[in-house]
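Worksheet for the structure shown next.
The values are calculated or read from the model by the stated rules, or taken from the named source; none is laboratory data. Predicted model, so just to flag it, every value in this text is computed and none were measured. Note that each Cβ is placed from the backbone with ideal geometry, even for glycine, and that neighbours are counted across all protein chains shown.
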Amino acid sequence: MGGFFGAVRKKSAILDVYLGTDYHSHLGTKRGGIAAYDSKLGLQREIHNIENSPFRTKFEHALEEMKGNSAIGAISDTDPQPLLICSKLGTYAISTVGIINNAKELIDKVLSSGGVYFDAMTGGKINSNELAAALINQKKDFVEGIRYAQSVIDGSLSILILKEDGSIICARDRLGRTPVLVGKSKDGYCVSFESFAYKKLDYNDEKELGPGEIVHLTADTLTVLAEPFEEMRICAFLWTYYGYSTSNYEGINVEVMRNRNGAIMAEYDMAHGDYHDIDYVGGVPDSGTPHALGYANRSGIPFARPYIKYTPTWSRSFMPSTQADRNKIAKMKLIPVHELISGKNLLLVDDSIVRGTQIKETVDFLYSHGAKEVHMRSACPPIMYGCKYLNFSRATSDMELISRRTIVELEGEEGLKYIDEYADASTERGKAMRKAICEKFKFKSLEFQSIDGAIKAIGMDKCKLCTYCWNGKE
């Protein structure tokens, strides 16, 4: 995953882009970058590894060293960005959000045209931003090039370009799988993945790009270069997990959706008699908490935090070399509240259950501190397919997904023909999968939000949402 932020102003844009990009740190933990344009210095660019340090600590010096009234920044879980590109369209910086599944095919196609080469990274991999730029550069201008790139890419691609005249071009993915929003202040415009990022910087909502829409920004103007398409497939998982609680996508607030989502799960349990003698409802921090609040408020069961995640010095995932040390570090982050655990029946709500590794460690941790029972609720449906549009899961194979792996354990490869049944809690297969996961992870009970429940919580037409990871439908 990843996110970007850009600004073009009548005065320096460096601080706004530094802060606005930092507000996207929840979307990636691998690399961060900033590119800026100054009339005297031209285009400048810096990229740093942020795996063990927050974005802002690596770019504090940029506030003094980088100059310009326009800049773009990126947080990435994949390739280094922004990149500086020199082409027939001019020199520019480019940053993208998305994934290119057919990269090898496209690289071969570009290379076969002759006179083009790529700068290979370690292992021979080509930076996806460089590939996107190469596709854009095939055409006579940015608009035609962006539309071409998005049409041939299997996956998704939202684009942010800083031109050598200091203006910015931004384009939302052709099916709108990720959001792109524009804010306006008295000094200029900004563009962002997360809406709250610019509101904290005194920009107001100006425009949310539609699917495939392309706009051009200067400090004084916003010009639509290409009108949006009608078809949309925005990622439903943004509201469930990835998006920040204070953001809005398509006019729908993330925190509000999560509270509503938890309430819908509680209503299901109440209606189906799966309403245990629970002492406390708690959320797996941080994104599970608002779902749990919605569940607690609707069910009437008290909300509590049986454990607290210590973040002042463990805000980043420090990864020692040995598994024993990694386990120890994981335990260091979770601080128990014994009075809320010992002898208690707890119901935990997590944003999702992907591979199950982290939630197993959490449940084992609670039992080790005296929990009587631990019931589990997933705020999204069973994840049956690895995402091929946003790369939100670190799973390298569909068989790493706990739901799919459990199906094969129960019924072999034949069981994968009945994924829809396994996802449905009312079927015998659905009950068998949930029982098997409970036994594996020591849950007293387990339930997942249904697809219809998640869609109801979001409040958008089903046809406008991407639910591929849940049902395999594009």
Does Arg377 count as over 17 Å from Lys309 (Cβ atoms), part of a loop (DSSP other than H, G, I, E, B) and of a type in the set (D, E, K, R)?
no
Failed item in (1) more than 19 Å from Pro179 (Cα to Cα); (2) under 17 Å from the mean Cα position of the chain (by Cα), with Asn49 passing the rest:
(2)
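So which of Ile455, Ile451 ends up being farther than 28 Å from Glu373 by Cα and in contact with a helix residue (DSSP H, G or I) (Cβ under 8 Å, 6 or more places away or on another chain)?
Ile455 is the lone residue from the list that is farther than 28 Å from Glu373 by Cα and in contact with a helix residue (DSSP H, G or I) (Cβ under 8 Å, 6 or more places away or on another chain).
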Give me a count of the residues in the stretch 247-258 that are in a helix (DSSP H, G or I) and surrounded by 20 or more Cβ atoms within 10 Å (Cβ to Cβ).
3
Report, ordered by the first and then the second residue, all pairs with beta carbons closer than 8 Å, sequence separation of six or more or different chains, a first member in the stretch 287-305 that is without any contact (Cβ under 8 Å) to a residue 40 or more places away in the chain, and a second member that is of a type in the set (Asp, Glu) and not in a loop (DSSP other than H, G, I, E, B).
Arg298/Glu267; Ser299/Asp269
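Take residues that are modelled with pLDDT of 95 or more and touching a Gly at 6+ places or on another chain (Cβ under 8 Å) and tell me which of the strands (runs of 3 or more DSSP E) falling wholly in the stretch 190-241 contain 2 or more.
Hits in the stretch 190-241: 204-208.
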Those residues of the stretch 454-467 which are surrounded by fewer than 21 Cβ atoms within 10 Å (Cβ to Cβ) and part of a helix (DSSP H, G or I) amount to Ile455, Lys456, Lys462, Cys463, Lys464
Residues in the stretch 426-449: is at least one closer than 20 Å to Asp351 by Cβ and touching a Phe, Trp or Tyr at 6+ places or on another chain (Cβ under 6 Å)?
yes
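Which residues, taken from the stretch 269-299, are part of a helix (DSSP H, G or I) and surrounded by fewer than 18 Cβ atoms within 10 Å (Cβ to Cβ)? Show your work before the answer.
Restricting attention to the stretch 269-299, the residues satisfying the condition of being part of a helix (DSSP H, G or I) are 269-271, 288-299.
Once the filter is applied, which keeps residues that are part of a helix (DSSP H, G or I) and surrounded by fewer than 18 Cβ atoms within 10 Å (Cβ to Cβ), the stretch 269-299 yields Met270, Ala271, Asn297.
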Out of all the residues in the stretch 154-176, is one or more closer than 27 Å to Ser25 by Cβ, buried (at least 19 other Cβ atoms within 10 Å of the Cβ) and free of Cβ contacts under 8 Å to residues at least 40 places away in the same chain?
no
Go through (1) in contact with a strand residue (DSSP E or B) (Cβ under 8 Å, 6 or more places away or on another chain); (2) farther than 18 Å from Leu446 by Cα; (3) in a helix (DSSP H, G or I); (4) not hydrophobic (A, V, I, L, M, F, W, C) and name the single condition Gly262 misses.
(2)
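Mind checking which residues of the stretch 134-162 are outside any helix (DSSP H, G or I) and over 18 Å from Met232 (Cα atoms)?
Filtering the stretch 134-162 for residues outside any helix (DSSP H, G or I) gives 137-141, 153-162.
Result: Asn137, Gln138, Lys139, Lys140, Asp141, Leu160, Ile161, Leu162.
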Go through the residues of the stretch 79-102 one by one and say whether even a single one is surrounded by 13 or more Cβ atoms within 10 Å (Cβ to Cβ) and without any contact (Cβ under 8 Å) to a residue 40 or more places away in the chain.
no
Just checking, which of Arg316, Arg305 is in the same structural domain as Lys360 (by TED's automatic domain parsing), surrounded by fewer than 17 Cβ atoms within 10 Å (Cβ to Cβ) and modelled with pLDDT under 80?
Arg316
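Considering only residues that are more than 13 Å from Asn69 (Cβ to Cβ), among the hydrophobic types (A, V, I, L, M, F, W, C) and over 16 Å from the mean Cα position of the chain (by Cα), which ones fall in the stretch 1-34?
So the first thing to find is which residues in the stretch 1-34 are more than 13 Å from Asn69 (Cβ to Cβ), and the list is 1-5, 18-34.
Subsequent filtering for residues that are among the hydrophobic types (A, V, I, L, M, F, W, C) retains 1, 4-5, 19, 27, 34.
Within the stretch 1-34, Leu19, Ile34 meet the criteria.
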